[in-house]
1. Test MET192 against the criterion of being out of contact with any Ser or Thr (no Cβ under 9 Å at 6 or more places or on another chain), modelled with pLDDT of 95 or more and open to solvent by less than 60 Å² (accessible area, probe 1.4 Å), and give yes or no.
2. Against the definition (touching a Leu at 6+ places or on another chain (Cβ under 7 Å), in a helix (DSSP H, G or I), within 27 Å of ASP71 (Cα to Cα) and open to solvent by less than 80 Å² (accessible area, probe 1.4 Å)), how does ALA147 come out, yes or no?
3. Return yes when GLU196 is of a type in the set (Asp, Glu) and in contact with a His (Cβ under 8 Å, 6 or more places away or on another chain) and no when it is not.
4. I need a count of the residues in the stretch 98-124 that are touching a residue at least 60 places away in the same chain (Cβ under 8 Å) and in contact with a helix residue (DSSP H, G or I) (Cβ under 6 Å, 6 or more places away or on another chain).
5. Would you check if ALA127 is exposed (fewer than 14 other Cβ atoms within 10 Å of the Cβ) and in contact (Cβ under 8 Å) with a residue 40 or more places away in the chain?
6. Where residues in the stretch 238-252 are of a type in the set (Val, Ile, Thr) and within 22 Å of the chain's Cα centre (by Cα), which of them is nearest to GLY19 (Cα to Cα)?
7. Contact list please: Cβ distance under 8 Å, first residue in the stretch 79-91 and buried (at least 20 other Cβ atoms within 10 Å of the Cβ), second residue modelled with pLDDT under 90, pairs at least six apart or on different chains.
Amino acid sequence: MIDVIDLKKNYGKLEVLKGITVTIGEGEKIAIIGPSGSGKSTFLRCLNCMEDPTSGSIIFENVDIADMKVDINIYRRHMGMVFQQFNLFNNKTVIDNIMLAPVHIGISDLRRKRIKNFFISIRNFFAKNRKPLYEINTTPSKIKAEARENAMRLLKRIGLEDKANVYPATLSGGQKQRIAIIRALAMNPKVMLFDEPTSALDPEMVGEVLELIKQLADEGMTMVIVTHEMGFAREVATRVLFMDEGKIVEDNTPEEIFVNPKNPRTREFLSKVL
């Protein structure tokens, strides 16, 4: 699904990622662990080009999305991203937060088709060979109605449908993060990226967020998760990547990583956190 080839990221003279090559297969649940400052979050943000790589390739759906000529926004639609700090819009209700991206993209696509059809119609007026128009079977009001229906379905899934019309400031941290997750799901992504999704939560709220992620894993969602929750990584991941100093030092199954790590640096790290 995603092929990362010799990915590097520099900030000036500081090398954060030092040539990462890895393949993420469809349906895999990959946990990325390692010490702070090892490049985990930078790597995750490079996967959907929120951070522009300095060099290297990221092949997603047969396209190198690290190529600056590519319209990255088209491919970001298929990569859901969940951050440490929720990133909900506090001036919008919960349901408006969830609907925002689907409505914006849906109406933008509709507008783009209408503009294309306008120019095709002009061209057809003068040309002998008529070019077919793009099919349009929706309206802005229909797009909004469908987005609202889907948002309510997702809220019901996490038991927060009664919070649809409240503002994020009234919610607990665990509720905010679960809403941030279903906001990403509202775009029907092919892969979900989680950047330490529980690090900003009180310990008692961690469980409800991890449970939702486990449900997604059980449903076959492709996921890449940067996490400090070693027990969660061991239970949910199909592969674990250990990163240190901008490199993938070890890539193996959870069983091998946690029970029989091969690299001395991996062993040293795990001896301090387990």
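The values are calculated or read from the model by the stated rules, or taken from the named source; none is laboratory data. Here the structure is a predicted model, which is why all the values come from computation and not from measurement. Glycine also receives a Cβ, built like all others from the backbone with ideal geometry; neighbour counts cover every protein chain displayed. Side chains included, ligands, DNA and RNA excluded: accessible areas come from the protein's heavy atoms. Shrake-Rupley method; radii C 1.70, N 1.55, O 1.52, S 1.80 Å.
1. No.
2. Numbers: touching a Leu at 6+ places or on another chain (Cβ under 7 Å): no; in a helix (DSSP H, G or I): yes; within 27 Å of ASP71 (Cα to Cα): yes; open to solvent by less than 80 Å² (accessible area, probe 1.4 Å): yes.
Judged against the criteria, ALA147 is not a match.
3. Here the answer is yes, as GLU196 does meet what is asked.
4. Number satisfying all stated conditions: 3.
5. Values: exposed (fewer than 14 other Cβ atoms within 10 Å of the Cβ): yes; in contact (Cβ under 8 Å) with a residue 40 or more places away in the chain: no.
Criteria not met by ALA127.
6. ILE248
7. From residues that are buried (at least 20 other Cβ atoms within 10 Å of the Cβ), the pairs are PHE86/ALA200.
Residue-by-condition table, conditions (1) farther than 27 Å from GLY220 by Cα; (2) at pLDDT 95 or above; (3) among the basic types (Lys, Arg):
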residue	(1), (2), (3)
VAL4	no, yes, no
VAL16	yes, yes, no
ALA31	no, yes, no
MET50	no, no, no
